[in-house]
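> Could you have a look at this structure, given as structure tokens, before my questions?
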Amino acid sequence: MISPWWTVPPAALALIALALVAGGLQRAAVFRHSVEHGRPPRAHCPACAARLVPGAGGDALRGNRRRAAAPRGGGRPALPGGPGMAVLPSTGRCPACSAEIGPPPFSVELITALLLADLAAVAVPTGEAGGPGGPPGELLAFGWLAVLAVPLAFVDTAVRRLPDRLTLPAWAGTLTILAVTAALGHRPGDLVTAVLGGLAMGAFYLLLFLIHPAGIGLGDAKLGLALGSALGWFGWNEVLAGLFLTHLLGGLYGAALLALRRARRGTEIPFGPFMIIAAFAVILTGR
């Protein structure tokens, strides 16, 4: 039987509200940061030059504005938003010219909704405020991480980079919420392992970057800080499980590409999505 809404923990309600508003912002983040390393974030539609992200400091596709004979966007903002913030429609098309922009329609929103629903499912109340999944603070922390992890996976898949503007807030926000949860729940030991787990995973990927920079990037190390902190909250076994599952999934994917002759030895593959999938698989199944 479905529990009445007033029996749902406030953190779960906050997560539901977050899911409702996050999609457009996530899609804008994917669009803005899906540029090659070293190029500024983009703000304009590549087809009509309509400004889609207000307040962006640069535009990797600004040259398209000069080449467009008669841009339908007219250089004016096509979407509402504050400085540096905009929402993009879930249809995956420019609101000014209907050109395809960003990820496929509803993909970001659907993946985020499913992930947040799974997180909320393990925190359904069973007579206690936190439910079997733990205190509400955990739900908020992992919900925050999920909302940033989904666009990170899309960006890494598109251009093989994990921008600091997403990885560092993911780490800082997750760790901050867990710190508050630890303080309120008198769980200093869990916070210590969360901090150390994040540092350990970040250091591990940093070492891999120094050994083989063509296969691992600094963005992977920074993402490891956030994911390691989330896994470390539960203990070192979860951190190790996340690392093992990441490399298992990445290895299977690489082997499949080789078998299908869609890649050669040395072909770079995005590693961030496997890190994210592995971390949330451990969080959802190992709690």
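The values are calculated or read from the model by the stated rules, or taken from the named source; none is laboratory data. Computed from a prediction, not measured in an experiment: that's the story for all the values here. Cβ coordinates were reconstructed from backbone atoms using ideal geometry, including for glycine residues, and neighbour counts include every protein chain displayed.
Conditions (1) buried (at least 22 other Cβ atoms within 10 Å of the Cβ); (2) outside the structural domain of P169 (by TED's automatic domain parsing); (3) modelled with pLDDT under 95; (4) β-branched (V, I, T), marked per residue:
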| position | (1), (2), (3), (4) |
| --- | --- |
| A214 | no, no, yes, no |
| A226 | yes, no, no, no |
| L231 | yes, no, no, no |
| L245 | no, no, no, no |
| L248 | no, no, no, no |
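> Can I ask one more? Given the criterion buried (at least 16 other Cβ atoms within 10 Å of the Cβ), in the same structural domain as F154 (by TED's automatic domain parsing) and modelled with pLDDT of 80 or more, identify the matching residue among L88, L115.
Exactly one of L88, L115 is buried (at least 16 other Cβ atoms within 10 Å of the Cβ), in the same structural domain as F154 (by TED's automatic domain parsing) and modelled with pLDDT of 80 or more, namely L115.
> While we're looking at this one, here's another question. If you go through the range 250-287 one residue at a time, how many are modelled with pLDDT under 95 and more than 19 Å from W144 (Cβ to Cβ)?
Here the count works out to 24.
> Same structure, new question: Do we have L248 as under 25 Å from A158 (Cα atoms), more than 18 Å from the chain's Cα centre (by Cα) and not aromatic (F, W, Y) here?
Spelling it out, L248 is indeed under 25 Å from A158 (Cα atoms), more than 18 Å from the chain's Cα centre (by Cα) and not aromatic (F, W, Y).
> When you check G189 against the structure, is it small (G, A, S), exposed (fewer than 14 other Cβ atoms within 10 Å of the Cβ) and over 22 Å from the mean Cα position of the chain (by Cα), yes or no?
For G189, the condition - small (G, A, S), exposed (fewer than 14 other Cβ atoms within 10 Å of the Cβ) and over 22 Å from the mean Cα position of the chain (by Cα) - is met.
> Oh, and also: Need a quick list: helices (runs of 4 or more DSSP H) entirely within the range 176-287 having at least 1 residues that are touching an Asp or Glu at 6+ places or on another chain (Cβ under 9 Å). First the steps, then the outcome.
Working: elements: 188-211, 218-232, 236-259, 272-285.
It comes to 188-211, 218-232, 272-285.
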